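Accompanying notes for the structure given below.
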Amino acid sequence: MALRLLQHCADDGKRSVILADGDVAHILEGVSRTTELARRAIAAGTTLAQEARACPAGAPVNLAAEFAAGRFLVPIDHEDPAHLLMTGTGLTHLGSAEGRDKMHREAAAVAQQTDSMRMFLEGLQGGKPADGGVGQQPEWFYKGDGSQLVGPDEALEMPAFAQDGGEEPELAGVYLIGPDGTPFRLGFALANEFSDHVTERHNYLWLAHSKLRRAAMGPELLIGEAPADIRGTSRILRNGAVLWEKPFLTGEANMSHSLPNLEHHHFKYELFRRAGDVHVHFFGTATLSFSDALRTQEGDVFEIEAAPFTLPCRNPLSRTAGHASDLVTVRVL
């Protein structure tokens, strides 16, 4: 099985990094963050896997038991959350235009081809350039900084003014910018790129508003190359019972864009190549409960799982205190 890295926090607050190889896992001695290991690999000109294997092996870990105890953190973070950027691309998966196009057609009540369908078709035609060069650029959005990233079992909290809180089961790429500005891909994580689909449906130009929400990551960082064909299940539980469940597909074989093309169109901007920054980039999905007219409610639990990840991303839905009409005022100095 593929190698995975996990970040662990003991009951006394001590952090550690775990290397998992199949069902066998152990603590890496002398490492408290994934970024520490990545910086070593960049400096030494090695790989993340080589650096992890070179670490002295500590105590063995029962992954399922530690997950059940709630001791796993997100598999990547930064000492300063402002230096972790969350972004994403949409309409990147085969079939991903169907739900979005339906949403926007119903909102606009017009017959012409929507901008969503046009963008999807352009990606289908030019998102995987045969020569390996620059392909069609995708839809792109900003989600927030590291303060908005929650762990594999933490609540996905929607703002008081949110009209909806809906799951988006996705694969997320994790990157660290090297000292010379080179982006290094550390690996991939299972993720829930949580969005407000009611706000987006009202007007496509509100997509940016709908994406400024929290996001969750599963506990495992899959290092090395990801499988081209990843198949998982997304479900919603209400009062402990399955309310909605659907399979989802991800990985490059199920996408209209290649990963290098999506990465190029993100990192082509110099401001995203600032040394030391961490990037979590969500690659999109084609499976949403919202497309099936399901409305979530507080207390629902989102559960996303997919091999080769062995642990799920499982997050309850909550809402911040306050009212949608609460006014944020600006003081004049």
### Query
DSSP loop trypsin sites (Lys or Arg not before Pro) in the stretch 224-292 with at most 14 other Cβ atoms within 10 Å of their Cβ, which ones?
K268, R274
## Note on the structure
If amide H atoms are modeled at 1.01 Å from N in the peptide plane, then the residues at a separation of 5 or more from G165, or on another chain, having amide H under 5 Å from its own are T296
### Message
Are there any chymotrypsin sites (Phe, Trp or Tyr not before Pro) in the stretch 226-277 that are in a DSSP loop and have at most 12 other Cβ atoms within 10 Å? List them by number.
### Response
Y269
### Task
Would you please name the trypsin sites (Lys or Arg not before Pro) within the stretch 1-99 that are DSSP coil residues with at most 11 other C-beta atoms within 10 Å of their C-beta?
K14
### Reference-scaled alpha-carbon Rg (2.2 N^0.38 Å with N residues) for the stretch 81-319
0.96
### Query
222 nm [θ] for the chain, helices only, -39500 (n - 2.57) per DSSP H run of 4+, per residue, to 500?
-5500 deg cm²/dmol
### Overall dimensions of the stretch 191-333 by Cα: Rg and Dmax, Å
17.8, 55
### Query
Charges only on Cβ, +1 for Lys and Arg, -1 for Asp and Glu: so what's the dipole of the chain about the Cα centre, in debye to the nearest 20?
320 debye
### Query
If you average the sequence gap of Cα pairs under 8 Å that are 6 or more apart and divide by the length of the chain, what percent do you get for the contact order?
22 percent
### Query
Out of residues 5 or more away from D77 or on other chains, whose amide H comes under 5 Å of its own, with H placed 1.01 Å from N in the peptide plane?
T34, T35
### Query
Residue by residue through the stretch 195-200, which ³J(HN,Hα) values in whole Hz follow from phi under the Karplus form 6.51 cos²θ - 1.76 cosθ + 1.60 (θ = phi - 60°), with glycine and proline marked x?
9, 9, 6, 5, 4, 5
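The numbers here are math on the coordinates, done by the rules we state, and not lab data. This one's a predicted model, so the numbers in the text were calculated from it and none came from an experiment. As a convention, Cβ positions derive from the backbone with ideal geometry for all residues, glycine included, and neighbour counts pool all protein chains shown.
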